[in-house]
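The values are calculated or read from the model by the stated rules, or taken from the named source; none is laboratory data. Predicted, not measured: the structure shown is a model, and the values here were computed from it. Note: ideal-geometry Cβ built from the backbone for every residue, glycine included; neighbour counts use all protein chains shown. When the accessible area is computed, the model is the full protein with side chains, heavy atoms only, and any ligands, DNA or RNA have been set aside. Shrake-Rupley method; radii C 1.70, N 1.55, O 1.52, S 1.80 Å.
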Amino acid sequence: MDTPDNTVLVAGSASQMLAVRIARVLGVNIVPVSSKLFPDGELYIRLLSSLNGRKVIIVQSTPPPQNSNLLELFFLINTAVEQGAEKVVAVVPYFAYARQDKEFLPGEAVSGRYVCRMLRHCGADMVVTVNIHNRRIFDGTGMPFIDLNAVPLIAEHFKNFSLKNPMVLAPDEGAIEEGKLVSEMLGCSFAFLKKERDKHTGEIVTEEKQMELKGRDVLVIDDIISTGGTMVNAVSIAARQGARNIYVACVHPLLVGEARLRILSAGAKEIVGTDSVPSDVSLISLASLIAGALKN
Ligand code: R5P
């Protein structure tokens with residue numbers, strides 16, 4: 001995606017603001033899209049500029065409602081291909097179903113992998129994701145991808161805070177890499193908790209360990225906040241151990257249902273995420289990170 005001249009961007013309905021920000025950084029035009037739902041709920045999509053011979057960037061995150069966001073993404077990709085696009089890059093900052101990267105219980109659909117296959121089947125030449133939960137879902141699907149790391153942006157955000165003797169805390173072992181990176185960038189200590197999720201009920205249990213948090217500021221970081229259960233447990237532990245201010249950060253703030261309220265009620269002072277999922281906590285923009293990758 002070298003020169004902007006021949007490149008255009010399509011803004012999916014789940015990523016309108018992020019798409020505009022990326023288009024501005026790249027200096028490319030946005031293709032107008034007409035879309036509507038038919039009375040029976042079916043989706044209608046029409047791209048209103050010619051894409052023949054163009055390099056097309058489609059920006060569509062897939063937070064809830066993930067199924068309709070995915071279907072829209074599939075339609076946009078395939079329409080661009082059928083309109084004669086020379087190359088189609090799908091930017092999917094939050095990649096739905098990536099947590100189902102294997103068969104945890106016999107007979108389960110490995111849905112993350114099927115989404116990758118669908119993207120390939122629709123004609124995407126490349127997929128750009130951000131901190132995808134597990135890159136393994138691309139294995140064997142033939143779908144080329146770049147997975148960007150937004151964690152340094154989160155660390156940069158917190159560099160502007162006057163944190164007192166801070167500690168970065170990973171709420172589970174899956175967040176160790178992210179947590180360590182932030183702690184290195186902030187030059188502070190790091191700890192992680194161990195979490196178990198019941199494979200049938202989804203119930204989360206976090207093991208409490210002593211971490212010497214009295215009077216310290218704590219930053220809890222994870223890739224995704226969905227129901228908030230993981231964060232609530234970590235924040236509650238930090239609060240019980242006397243942490244001063246507890247900040248919560250993630251790349252993908254899905255914040256399903258009462259998640260935000262539950263996390264704040266557990267003792268968090270603030271929640272911050274990126275605009276991979278639009279929300280009022282999405283204060284960190286991925287636009288420059290994504291635009292930078294698209295330029296190469
Ligand atoms: C899974 O392990 C992820 O990294 C997150 O910890 C998880 O998706 C958070 O989900 P919830 O907010 O529902 O606890």
Charge context of V59, other residues only, Cβ under 13 angstrom, K/R +1, D/E -1: 0
The range 7-67 - percent of accessible surface contributed by carbon and sulfur, probe 1.4 Å: 48 percent
For the range 70-122 versus the range 201-257, the gap between their alpha-carbon centres in whole angstrom: 31 Å
For the range 1-160: span of alpha carbons on each principal axis (Å, largest first): 49, 46, 31
Farthest toward positive dipole pole in the chain [+1 Lys/Arg, -1 Asp/Glu at C-beta], among N52, V25, G12: V25
Whole-number percent relative contact order across the range 151-275, with pairs defined as alpha carbons under 8 Å at least 6 apart: 23 percent
Placed amide H near A96: partners under 5 Å, 5+ positions off or other chain: T62
Relative contact order computed over the chain (Cα-Cα under 8 Å; 6+ residues apart), in percent: 15 percent
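Quick one: putting +1 on the C-beta of Lys and Arg, -1 on the C-beta of Asp and Glu, what dipole do you get for the range 151-275 around its Cα centre, in Debye to the nearest 20?
Dipole size: approximately 500 debye.
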Solvent-accessible area of L294 with every protein chain in place, 1.4 Å probe, in Å² to the nearest 10: 10 Å²
Among 220-231, 24-35, the order from most to least packed when residues are scored by Cβ within 10 Å on average: 220-231, 24-35
Solvent exposure of the range 47-103 as accessible area per residue, Å², 1.4 Å probe: 38 Å²
Sequence-separation-based contact order of the range 45-140, relative, with Cα cut under 8 Å and 6+ spacing, percent: 31 percent
Antiparallel bridge percentage (DSSP; both residues within the range 151-275; nearest 5): 20 percent
Exposure ranking of C116, C188 by accessible area [1.4 Å probe, largest first]: C188, C116
H157 accessible area, assembled protein chains, probe 1.4 Å, Å²: 40 Å²
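In deg cm²/dmol, rounded to 500, what helix-only [θ] at 222 nm does the chain give when every DSSP H run of at least 4 residues adds -39500 (n - 2.57) and the total is split over its residues?
Calculated from helices alone, the mean residue ellipticity at 222 nm is -9000 deg cm²/dmol.
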Proximal charge balance of Q16 [Cβ under 14 Å; K/R count +1, D/E count -1]: 0
Rounded to the nearest 20 debye, dipole of the chain from Cβ charges on Lys, Arg, Asp, Glu: 420 debye
log₁₀ of I(q)/I(0) at q = 0.14 Å⁻¹ - the chain, Debye sum with one point per alpha carbon: -1.02
Loop-exposed chymotrypsin sites (Phe, Trp or Tyr not before Pro) per DSSP, neighbour cap 15 Cβ within 10 angstrom, longest uninterrupted part of the chain: 162-296
Sparse-neighbourhood loop sites, trypsin sites (Lys or Arg not before Pro) in the range 146-221 - DSSP loop, at most 12 other Cβ within 10 angstrom: K164, K199, K209, K214
